[in-house]
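Asker: Handing you a structure now.
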Amino acid sequence: MPIADYRTRWSGITRQHMRKAVPFQVAQKEILKLLKGKVVVGHALHNDFQALKYVHPRSQTRDTTYVPNFLSEPGLHTRARVSLKDLALQLLHKKIQVGQHGHSSVEDATTAMELYRLVEVQWEQQEARSLWTCPEDREPDSSTDMEQYMEDQYWPDDLAHGSRGGAREAQDRRN
């Protein structure tokens, strides 16, 4: 479908960005190859998965909208979803999404990972307990080489030169 609203205020994307964009089906295929067999960490991931027309296994999804549930009293679950911006301020004492050019996907991803790390032990213990009641194949798909996606051609021009180093360092720390 043609784009009716770029939501530039939030996305930072304009019509000019889309002129050189990879076609949806090509991007979707590459992204799904990356996601297969991986634990995905992010915030409000249902939005991203819906845009991709994809259902990721719940056991391999770490959506940071649920971080407050791990920090509250046992048995007390928070029902309201809290924005990434608010969680970052409350739990990490960090201000994000303050620029006027929309959200930085790199900043959002880094912040989501920092939030996940706050509750990683509890989250993974809970997953391990539920694994034996609902076993799934959790073997990673080793056929995908993530390194190729760190190349400049996959980054918007304005990020390729500015935030690129931080993303490379984060990738190196994970490996």
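FYI, it's all coordinate maths here, none of it is from the lab. Keep in mind the model is a prediction, meaning the values are calculated, not measured. All Cβ positions, even for glycine, are placed from backbone atoms using ideal geometry, and neighbour counts span all protein chains on display.
Asker: Once you put a point 7 Å from the Cα of LYS53 and another 7 Å from the Cα of ARG81, both along the Cβ direction, what distance in nm separates them?
Answerer: It is 2.2 nm.
Asker: Using θ = phi - 60° and the Karplus form 6.51 cos²θ - 1.76 cosθ + 1.60, what ³J(HN,Hα) does each residue of the range 14-24 get, whole Hz, x for Gly and Pro?
Answerer: 10, 4, 4, 4, 6, 5, 9, 6, 5, x, 3
Asker: Give me the percent relative contact order of the range 8-133, please, defined on Cα pairs under 8 angstrom at least 6 residues apart.
Answerer: Relative contact order comes out at 30 percent.
Asker: Roughly what would the spin-label model give for GLN100 and ILE3, points 7 Å off Cα along C-beta, in nm?
Answerer: If labels sit at GLN100 and ILE3, their model points lie 2.1 nm apart.
Asker: Also, I was wondering about something else. Write down Rg/Rh for the range 22-77, rounded to two decimals, with Rg from the C-alpha atoms and Rh from the Kirkwood relation over Cα pairs.
Answerer: 1.09
Asker: Collect residues whose amide H, placed 1.01 Å from N in the peptide plane, falls under 5 Å from the amide H of VAL40; neighbours closer than 5 in sequence don't count.
Answerer: THR61, ARG62
Asker: Determine, for each peptide in 6-12, 66-72, 108-114, the mean count of other beta carbons within 10 angstrom over its residues, then list the peptides with the highest first. All intermediate terms of the calculation are to be shown ahead of the outcome.
Answerer: On the way: 6-12: 13.4, 66-72: 16.7, 108-114: 18.9.
Going from most to least packed, we get 108-114, 66-72, 6-12.
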